[in-house]
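What follows draws every value from the coordinates through simple rules; no lab data is involved. This structure is a prediction, so every number in the text was calculated from the model and none was measured. Quick reminder, even Gly has a Cβ in these numbers, built from the backbone with ideal geometry, and neighbours come from all protein chains shown.
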Amino acid sequence: MPLAQDHVAALNLVEIDFHGSDRVIAKYKELIRHLNSAGGSAAEEMHGFREKSDLLKAQLLGEMGQELGYSFDRIDLYEGGYIPRSWLDQAEWDRRARESGSEALKIFMEILTQFQESQRHEAANKVASPTDAVSRLDPDGKR
């Protein structure tokens with residue numbers, strides 16, 4: 001889960017924990033550059049972004065494992081691990097909620113703008129009658 005607090009915290013410790021390991025740091029920087037890229041919003045583009053993120057994470061984990069004396073099959077790192085389906089469902093729900101909220105706000109702003117324009121147009125076209133002017137005078141006949 002790229003947005004999970006533990007995930008971000010773990011990534012931020014890689015440079016500290018593997019200081020001096022050029023191969024690990026190179027893979028780390030490659031992953032960070034990718035994660036900081038836009039990623040896009042279309043479903044197909046996001047799928048490709050996630051696929052590349054997963055591949056880069058597997059490569060980073062492989063380098064980290066080698067540095068620590070472990071030998072992992074990179075395919076196992078790429079395909080392995082456990083992520084509860086509910087986490088993925090929640091992430092998708094959150095994404096859709098953000099998109100829906102953003103769309104609702106956009107529609108609200110369009111309606112508000114139209115309303116304000118109609119109010120300005122109405123005020124500009126309103127002709128004050130003499131009785132309107134008199135009704136705004138106070139009892140002493142002053143404005």
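Values computed for the structure shown
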| read-out | value |
| --- | --- |
| Gain on full stretching of the segment that runs from Leu55 to Leu35 - 0.36 nm per residue minus C-alpha separation | 6.0 nm |
| Packing rank of 105-111, 29-35, where each peptide gets the mean count of other beta carbons within 10 Å, highest leading | 29-35, 105-111 |
| Net lengthening on full extension, Glu99/Ile75 (0.36 nm per residue, minus Cα-Cα) | 5.3 nm |
| 24 Å Cα-Cα reach of Lys126 towards lysines, excluding residues that sit fewer than 8 places from it in its own chain | Lys142 |
| Relative packing of 83-95, 49-61, which averages over residues the other C-beta atoms within 10 Å, highest first | 49-61, 83-95 |
| Projected-area average for segment 5-81 over all orientations - Cα convex hull basis, square nanometres | 5.5 nm² |
